[in-house]
1. Using a 1.4 angstrom probe, figure out how much accessible area the chain has per residue, in square angstrom, rounded to the nearest whole.
2. In nm, give the distance between the simple-model label positions of Trp3 and Asn92, each being 7 Å from the Cα along the Cα-to-Cβ direction.
3. Only Cα pairs under 8 Å and at least 6 apart count here; give the relative contact order of the chain as a rounded whole percent.
4. With the cut-off at 22 Å, report for the chain the share of all Cα pairs above it, as a whole percent.
5. Please give the length that would be gained between Thr27 and His58 if that part of the chain were fully extended, namely 0.36 nm times their separation in residues minus their C-alpha to C-alpha distance (nm, one decimal).
6. Carbon and sulfur atoms: what percent of the 1.4 Å accessible area of segment 1-54 do they account for?
7. Could you check the simple spin-label distance between Phe68 and Ala45, using points 7 Å along Cα→Cβ, in nm with one decimal?
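The values are calculated or read from the model by the stated rules, or taken from the named source; none is laboratory data. All values reported here derive from a predicted model rather than from experimental measurement. Cβ sites come from the backbone with ideal geometry, for glycine too, and all protein chains shown count toward neighbours. Calculation scope for accessible area: heavy atoms of the full protein, side chains included, ligands and nucleic acids excluded. Shrake-Rupley method; radii C 1.70, N 1.55, O 1.52, S 1.80 Å.
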Amino acid sequence: MIWAIDHGATTPLRDQIVTCIRKGITTGQLSVGDQLPPAAELGEALSVDRNTVLAAYHRLRDDGVLEFRRGRGVRVAHSTSPKSAVITAANNLIKVGRTHGM
C-alpha cells in the first residue's frame, strides 16, 4: 500500500493518514485483521511525528475501524463493514465540495 501525504496541503496530516487507511480498506488493500505499522515506524516513513500517526490511529479506533491489542499492535477491526466505506465516500465528497467552495 502506498501512503501519500502532502505536507503542504491545508488538510491536517492526521486527516490525510486517516484517509489513506480508509482508502486502503475500501479498495481492499487492507483487510480485516491486517496489522498496521507501528506509529513510530510509519511516522518516520512519512516524515511526520509519531504522535500525529497515533492521533490518526486513535480516531480510527474511536470510529470502530481499527482495534488496538496489547502485544499484537494495531489491526483493521472485524467490525469494518461496507457501512464504513459509505461513510468514507461521503466524507470525501464533503471535502471535495468544500475545496470547491460548496
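1. 63 Å²
2. So the two model labels end up 1.9 nm from each other.
3. In percent, rounded to a whole number, it is 25.
4. 28 percent
5. Result: 9.0 nm gained on full extension.
6. 49 percent
7. 2.0 nm
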